[in-house]
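The values are calculated or read from the model by the stated rules, or taken from the named source; none is laboratory data. The model shown is predicted, which means the values in this text are computed figures rather than measured ones. Note: areas computed on protein heavy atoms with side chains; ligands, DNA, RNA excluded. Shrake-Rupley method; radii C 1.70, N 1.55, O 1.52, S 1.80 Å.
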Amino acid sequence: MDNSSLHTKILDLAVAAGDGSFTAGELAEAGYSLSAVSFSSLSYMRLIDSIENDLGVYLDPEVGAEHYETIDSVAALVVASGVGADA
């Protein structure tokens, strides 16, 4: 999966995890910052679970909050866990 596809996948998963509280466009306008769209702690857990289910990657929810700040930082965690350009 290339980086653009991974970014799009995580964006879609984040919107779904947000349970209708924002759109992909609103997230883009917020610089892809999850906190800027009031992403809840439950939404974070849903996102982590979705990434595990859809991409087969375990993400530690206890890792520093800065790693879950933006779509790009979440994508970096996923790549560091083994999913990326050659996956």
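Taking only Cα atoms, what is the 0 to 90° angle, nearest 10, from helix 71-80's long axis to the longest principal axis of the chain?
Once rounded, one gets 20 degrees.
With every protein chain kept in place and ligands, DNA and RNA left out, what is the accessible area per residue of the chain? Probe 1.4 Å, answer in Å².
That works out to 53 Å² for each residue.
Give the Rg (one decimal place) followed by the Dmax (whole number) of the chain, computed from C-alpha coordinates and expressed in Å.
11.7, 33
May I ask you to give the percent of accessible area on the chain that is carbon plus sulfur, with a probe radius of 1.4 Å?
Carbon and sulfur atoms account for 50 percent of the accessible area of the chain.
At 222 nm, what helix-only mean residue ellipticity would the chain give, in deg cm²/dmol to the nearest 500, using -39500 (n - 2.57) for each DSSP H run of four or more?
Computed mean residue ellipticity for the chain: -16000 deg cm²/dmol.
What residues have an amide H closer than 5 Å to that of residue 70, excluding those fewer than 5 places away on the same chain, when H is modeled at 1.01 Å from N in the peptide plane?
34
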